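J.: The structure under discussion is supplied below as structure tokens; questions concerning it will follow.
The values are calculated or read from the model by the stated rules, or taken from the named source; none is laboratory data. Computed from a prediction, not measured in an experiment: that's the story for all the values here. Reconstructed Cβ throughout: ideal geometry from the backbone, glycine too, with neighbour counts over all protein chains shown.
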Amino acid sequence: MECDRALEALSEAIDLGPAAVPDHAEALAHCAACPGCARAAEALRRLGSIPAPEAPAGLVERVLAAAEQERAAQAPQPEQDASPAEGGGPTLVVPLTVPVRTPSRFRTAALVMAGAAVLFGAFVVMRAGIVTMTGDGTRTATELGIEPVGANGEAVPPPPLPKDFKGDVTSGPGADEAQSARTAPNLIAFGGWVYRAAPDVRAPERSALTTLGQTTTDLGSGSPGTHAVLGLQSAPQAIYLDAAAGKLMLFAIVTRTFGGERFALQADTSIARYGDWALLPSRFPAPTAADGGPTFRAHTKPDDVGATVYPLPGSDPSGGFAIPPGLPATDPGSGNPNWTWWAPAP
């Protein structure tokens, strides 16, 4: 799906409802995997959540009453007969001249105020949308109003720090490690791929989704359980988990780019708890050297965010590559203490 159509479908869903947009679920899947569309979708969600404006109590009645008074004051008077002339002469009928109606000061002021209000409102809404949709994507989820939630909508507490951690959680050499431990993303694994909890604009109708299987996760509750996975066979970059009370939770596949191509994070074991990290698939022996050896070897060309990629010896990164731990905060795999494997995205 193209970006323009995805955003158009989301706009239609806000106006008409998801059931009236056949490709709404596919649009959500596209936006979940496209950073630019994800920001635009969040802007649409915010605009769609703005309540309709309501006039202050009594304003409509006062305006209508004032308009009625004005109408009555400017209404033409009926024709009047002149007084009969003395002597019984004929009666002269003189019509009153009705002046051309001009807008009163009340009406002119109201029109000016209404126009100013419309222009100001349009400026505020347009500016908010532009700022949201053209942001650099570096704002935190909290700044966007997105908080991690569990299966029942409750807040998810951050995972505890490791028992042997002794660094300062706000500054100093241990700050990055502590922050990574506290802000581990909400990940799940399904079908060999890793997905991250994502904000949703408006969940599609269940009838538009297909049951793809099931996975194990605690959804932040601390008690792992089995949940049905729904989605579209044609759009595996996003899936929905059937949570408590029939709630659908959106998850987007975790990706990075190399040479302009998308690669997704793989895992062959479940990620049963929020805050747990993806592991290197079991088919790869864990590297014993800092340079990835003997399992992997460093490639001369980094990926699109500057990280060194480690394909298998004698192979090309186009078929997949490993990424080491210790990545900066700007990296899609930031915070993960393990080696990870990234394959061409579905």
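J.: Answer yes or no as to whether ALA41 is loosely packed, with under 10 Cβ neighbours inside 10 Å, modelled with pLDDT of 70 or more and either of a type in the set (Asp, Glu) or in a helix (DSSP H, G or I) (or both). Give the derivation first.
T.: On the way: loosely packed, with under 10 Cβ neighbours inside 10 Å: no; modelled with pLDDT of 70 or more: yes; either of a type in the set (Asp, Glu) or in a helix (DSSP H, G or I) (or both): yes.
When the stated conditions are applied, ALA41 does not pass them.
J.: From (1) of a type outside the set (Ser, Thr, Tyr); (2) more than 21 Å from ALA208 (Cα to Cα); (3) outside any loop (DSSP other than H, G, I, E, B), pick out the condition that doesn't hold for ALA9.
T.: Checking ALA9 against (1) of a type outside the set (Ser, Thr, Tyr); (2) more than 21 Å from ALA208 (Cα to Cα); (3) outside any loop (DSSP other than H, G, I, E, B), the one that fails is (2).
J.: Kindly evaluate THR226 against the criterion of being at negative phi, part of a strand (DSSP E or B), free of Cβ contacts under 8 Å to residues at least 40 places away in the same chain and of a type in the set (Val, Ile, Thr).
T.: yes
J.: For residues in the stretch 204-223 being in contact with a helix residue (DSSP H, G or I) (Cβ under 7 Å, 6 or more places away or on another chain) and part of a loop (DSSP other than H, G, I, E, B), which is farthest from TRP341 (Cα to Cα)?
T.: GLU205
J.: A further question on this structure: If you scan the stretch 287-346, which residues turn out to be in contact with a strand residue (DSSP E or B) (Cβ under 9 Å, 6 or more places away or on another chain), polar (S, T, N, Q) and in contact (Cβ under 8 Å) with a residue 12 or more places away in the chain?
T.: Hits for the stretch 287-346 are THR295, THR308, SER318, ASN336, THR340.
J.: Now for a separate question. Which residues, taken from the stretch 243-267, are at pLDDT below 90 and surrounded by fewer than 19 Cβ atoms within 10 Å (Cβ to Cβ)?
T.: ALA244, ALA245, GLY246, LYS247, LEU248
J.: Tell me which residues, restricted to the stretch 255-272, are touching a residue at least 60 places away in the same chain (Cβ under 8 Å) and in contact with a Ser or Thr (Cβ under 9 Å, 6 or more places away or on another chain). If you could, list the steps in order and put the result at the bottom.
T.: Going residue by residue through the stretch 255-272, those that are touching a residue at least 60 places away in the same chain (Cβ under 8 Å) are 255-256, 258, 261-271.
Within the stretch 255-272, PHE258, GLU261, ARG262, PHE263, ALA264, LEU265, GLN266, ALA267, ASP268, THR269, SER270, ILE271 qualify.
J.: Filter the stretch 303-312 down to residues that are part of a loop (DSSP other than H, G, I, E, B) and either buried (at least 17 other Cβ atoms within 10 Å of the Cβ) or modelled with pLDDT of 95 or more (or both), then give me how many there are.
T.: 6
J.: Out of ASP15, ASP81, ASP4, which single residue is modelled with pLDDT under 55 and charged (D, E, K, R)?
T.: On the way: ASP15 fails: modelled with pLDDT under 55; ASP4 fails: modelled with pLDDT under 55.
That would be ASP81, the only listed residue that is modelled with pLDDT under 55 and charged (D, E, K, R).
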